[in-house]
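Written below as structure tokens is the structure these notes are about.
Quick note: the coordinates plus some simple rules give every number you see, no bench work behind them. All values reported here derive from a predicted model rather than from experimental measurement. Cβ: placed from backbone, ideal geometry, glycine included. Neighbour counts: every protein chain shown.
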Amino acid sequence: NEALISVRDLKVHFPIKRGILSRTTGYVYAVDGVSFELARGETLGIVGESGCGKTTAGMAVTQLIPLTAGTVMWKGREMGEMGRSELRELRQQMQLIFQDPYSSLNPRMRVNDILSDPMDVHGLFGGSQRRDRLAFLLETVGLSPDQGRRFPHEFSGGQRQRIGIARALALDPSVIIGDEPVSALDVSIQAQIINLLMELKANFDLSMIIISHDLAVVEYICDRIIVMYLGKIVESAAYSDLYGAPKHPYTRALLSAVPVPDPMRKKQRIILKGDVPSPMDPPSGCRFHTRCPERMAICDREIPETVDFGNGHTAACHLYTRANAQ
Ligand code: SF4
């Protein structure tokens, strides 16, 4: 399957500036050597606790964040080398859904104007097409065309996220990137929005990147998942392999917190010690060693290589490297 987006050795380091001269006194190593691909028609999940670099990694493909190193390709073309018209097309093709639908919708604009805005900017669906387009977008996300005359505050949280999704669909994109698209919503509403995203993916031939701290959310929607910890990918797998046979102790800990409806499948909850260390000064060796329940002597000395388990399932952990076997 052709890769729509291909990310190679991506690094995003944010400088920390202090004092009146704004001297750089350090860096936040938000993303530190990450590679992944998004295939056409695929939904990729990027998962980790806050501070793990998942949002920076996901957003780096939109060109909204300056890259420190590495490349991001769109259909085989390096984004950094694209001219203005190519970038414009790219912006049309790639659309975002945000965590907080309320703050991302202008409260002074009616929904129809919110949805029209991106079409005006890109000069699409103008004139007589516009009314039909607005009605189509609202109906597609489960709202009625009449509701387009209302303001964002007249809607519930779930409805506002539907408006955010309609806006993302306005330009007929091929990729949707959702940054914690359901985490601000009640659990009962989360399922509705996840179902809507799955329907849209099937009906509009979309590819998606879903960034989430919650493995229970990505389980339902993603074909493949990458797990990040302190700027690095620690495990990557098809969703069935990740949930069925997780390899990395960090993934296992995250999964142990996901509630299961079947009491026979009840798992032992793995509680991780402490918080994620600062990305300004990540731990030596395996970055997870300060919290890992399976830590070994080698772990704080050597960075684990990424081990390939087949079927695209990889994990970076000394439990599986030759260095540990010797
Ligand atoms: Fe834990 Fe060591 Fe594996 Fe890191 S390399 S996850 S510290 S066992």
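A few remarks follow.
- Were the residues from I16 through E302 laid out at 0.36 nm apart, the gain over their Cα-Cα distance would be 100.2 nm.
- Tensor-based shape of the range 1-79 (alpha-carbon gyration tensor, a/c under 1.5 rounded, otherwise prolate or oblate): prolate
- Placing one equal scatterer on every Cα of the chain and applying the Debye formula, the log10 ratio I(q)/I(0) at q = 0.09, 0.15 Å⁻¹ is -0.52, -1.28.
- Between V307 and A315, A316, C317, the built amide H atoms are under 5 Å apart, and every one of these is 5 or more places off in sequence or on another chain.
- Between T25 and D223, the simple spin-label model (points 7 angstrom out along Cα→Cβ) gives 4.7 nm.
- Fully extending the segment from D146 to Q129, taken as 0.36 nm per residue of separation minus the present Cα-Cα distance, adds 4.4 nm.
- Helical content alone sets the calculated 222 nm signal of the chain at -8500 deg cm²/dmol, taking -39,500 (n - 2.57) per DSSP H segment of four or more residues and averaging over every residue.
- Ranking of E78, E49 by neighbouring Cβ atoms within 10 Å, starting from the fewest: E78, E49.
- Evaluated over the chain, the count of Lys pairs having alpha-carbon atoms less than 21 Å apart is 12 (only pairs 8 or more residues apart or interchain).
- Remark: the range 63-73, residue by residue, has Karplus-estimated 3J(HN,Hα) of 6, 8, 10, x, 7, 7, 7, x, 10, 10, 10 Hz, where x stands for each Gly or Pro and the curve is 6.51 cos²θ - 1.76 cosθ + 1.60 at θ = phi - 60°.
- Percent antiparallel among DSSP beta bridges (both partners in the range 3-325, rounded to 5): 65
- Label sites at E199 and L64, each approximated as a point 7 angstrom past Cα along Cα to Cβ, lie 2.6 nm apart.
- Largest mean-square fluctuation among L115, L137, L124, in a Gaussian network model of the chain whose springs join Cα atoms under 10 Å apart, belongs to L124.
- Full-stretch length increase - R269, D117 - with 0.36 nm per residue and alpha-carbon distance subtracted: 50.0 nm
- Highest-fluctuation residue, P145, P259, P118 considered, GNM on the chain with Cα pairs under 10 Å: P259
- For the range 148-158, backbone phi angles converted through the Karplus equation (6.51, -1.76, 1.60; θ = phi - 60°) give residue-by-residue couplings of x, 8, 8, 9, x, 5, 7, 10, 7, x, x Hz, Gly and Pro being listed as x.
- Built amide H within the under 5 Å cut-off of R150, gap 5+: V111, N112
- Shape category assigned to the range 207-288 from the gyration tensor of Cα positions, a/c cut at 1.5: oblate
- Taking other C-beta atoms within 10 angstrom as a stand-in for reagent exposure, D300, D179, D186 fall in the order D186, D300, D179, fewest first.
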